[in-house]
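Report on the following structure.
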Amino acid sequence: MTNNLIDLPVLTTPMHVALVYNQKKEDETQQSDDDSAEPPSTIRRDKPSGTFLTSLISDHHHATDLYAEWDSRKTIEAVRDALSEIHDVVLVEADEFAFERLRGLRPDIVFNIAEGMRGVSREAQIPAMLEFLQIPYTGSDPLTLAICLDKSRAKEILAYSDIPTPRFAVVDDPKRVNGAASHLPCVVKPLHEGSSKGIYNSSVVRTRKELEEQVAFVLDAYNQPALVEEFLSGREFTVAMLGNDDTLTVLPIVEIKFDSLPGDVNPIYSFEAKWIWDRSDAPLKIFECPANIPPGLRNEIEGMCRRAYSVLRCRDWCRIDVRLDSSGRPQILELNPLPGILPKPEDNSCFPKAARAAGLSYNYLIQTVLAIAARRYCAQMPELSFQPTHKERIS
């Protein structure tokens, strides 16, 4: 079912491109150039007492999820450099001054990787500004970004569309977990976060007491409801997708290999697994791409992800997380329409890893995303010229 990459375009017409981003701070105490800058979502407490993280954070004082969704300077520069091979690129930080900067710059198009600063609709804020200013941009529209960040709303749409997703409940009081307790064992997550924020080894709960404690932690640390989701015991995959409509391409599927984690931890892609145990200076062999799966299962996963991409109205690119239940049938955990794109192979970033497995270098991936978005705006920009993407040899 995977499309040939020849269907994906590369834009050959030089454009004035604004790269809009939020830059990750090195730690919680570092101040940005703008003293009013805040981390995404809400402030969490320093140490969740009585949990697995207490000793973990005391041993790794940089191990915080406060800025986990934002991009490092190295990633921002890598995206800029990729775009600059063809285009004139200017950097715009997604802060309180972004609207005025964008209004003054009037770029031809925006490459949007901004996760936003405040609130449950933070990922939608830059695209909403751009639509107000009538500036083209990459990626999904404000509505899709807001829905996908609210995990329960996205799962409701999936369930309505008969796309399998684990059973779930939204809980805003640790003493009111009766409905959620019927899903045990389950995983407890913040409702409005990404990048494994709030998903720790302790997030897998097997008793009502553990459920109440983990819900209380999420409410206290993130100031938002908890999503309590049925724990699926099977293999886990992530699926990178590029394109729109008839040109939608599914890149090689990535499997998350939990046997590479410490032996006494839960088999989930937790914050510890993503940001602490798996480091660029000591990467785990946690991913296999292409995943070693039978053709029938691969087709089932790809078909399910195509349907989810369509019903959530994703555009240009998205990464979709999938897990198998106890009978080996796939279910969708969540959609990530602003996927992580760390540039170095040793960073174990899934979307670039899938692109490399398909024969696309990092720079070609970034350029292709811009071209896919620009092609949506061809009626507004008839002067644009495209050529087909070709598989670039990876050294």
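The values are calculated or read from the model by the stated rules, or taken from the named source; none is laboratory data. Being a predicted model, the structure only gives us computed values, none of them experimental. Cβ atoms come from the backbone with ideal geometry, glycine included; neighbour counts cover every protein chain shown.
Only residues that are at pLDDT 95 or above and aliphatic (A, V, I, L, M) were counted in the range 249-273, giving 4.
Is it true that Lys209 is in contact (Cβ under 8 Å) with a residue 24 or more places away in the chain and basic (Lys, Arg)? No: the conditions fail for Lys209. Of the residues making up the range 334-362, those that are surrounded by fewer than 23 Cβ atoms within 10 Å (Cβ to Cβ) and assigned to a strand (DSSP E or B) are Glu334, Asn336.
Is there a residue in the range 310-329 that is of a type outside the set (D, E, K, R), out of contact with any strand residue (DSSP E or B) (no Cβ under 9 Å at 6 or more places or on another chain) and more than 22 Å from Arg298 (Cβ to Cβ)?
Narrowing the range 310-329 to residues of a type outside the set (D, E, K, R): 310-312, 314, 317-318, 320, 322, 324, 326-328.
Adding the requirement that they be out of contact with any strand residue (DSSP E or B) (no Cβ under 9 Å at 6 or more places or on another chain) leaves 310-311, 326-328.
The next check asks that each one be more than 22 Å from Arg298 (Cβ to Cβ); those that pass are none.
No, that holds for no residue.
Among the conditions (1) of a type outside the set (Gly, Ala, Ser); (2) surrounded by fewer than 18 Cβ atoms within 10 Å (Cβ to Cβ); (3) modelled with pLDDT under 95, the only one that Leu91 does not satisfy is (3). Exactly one residue out of Arg323, Arg307, Arg298, Arg315 is at negative phi, in a loop (DSSP other than H, G, I, E, B), touching a residue at least 40 places away in the same chain (Cβ under 8 Å) and charged (D, E, K, R): that is Arg315. Only one of the numbered conditions (1) in contact with a Gly (Cβ under 9 Å, 6 or more places away or on another chain); (2) surrounded by fewer than 17 Cβ atoms within 10 Å (Cβ to Cβ) is violated by Glu96, and that is (1). When Met117 is tested against (1) assigned to a strand (DSSP E or B); (2) modelled with pLDDT under 95, exactly one condition is not met: (1). For the range 128-199, please list each of the helices (runs of 4 or more DSSP H) lying entirely inside it that holds at least 2 residues being in contact with a Phe, Trp or Tyr (Cβ under 8 Å, 6 or more places away or on another chain) and touching a residue at least 12 places away in the same chain (Cβ under 8 Å). Because the criterion is at least 2 residues that are in contact with a Phe, Trp or Tyr (Cβ under 8 Å, 6 or more places away or on another chain) and touching a residue at least 12 places away in the same chain (Cβ under 8 Å), the helices (runs of 4 or more DSSP H) in the range 128-199 that meet it are 151-160.
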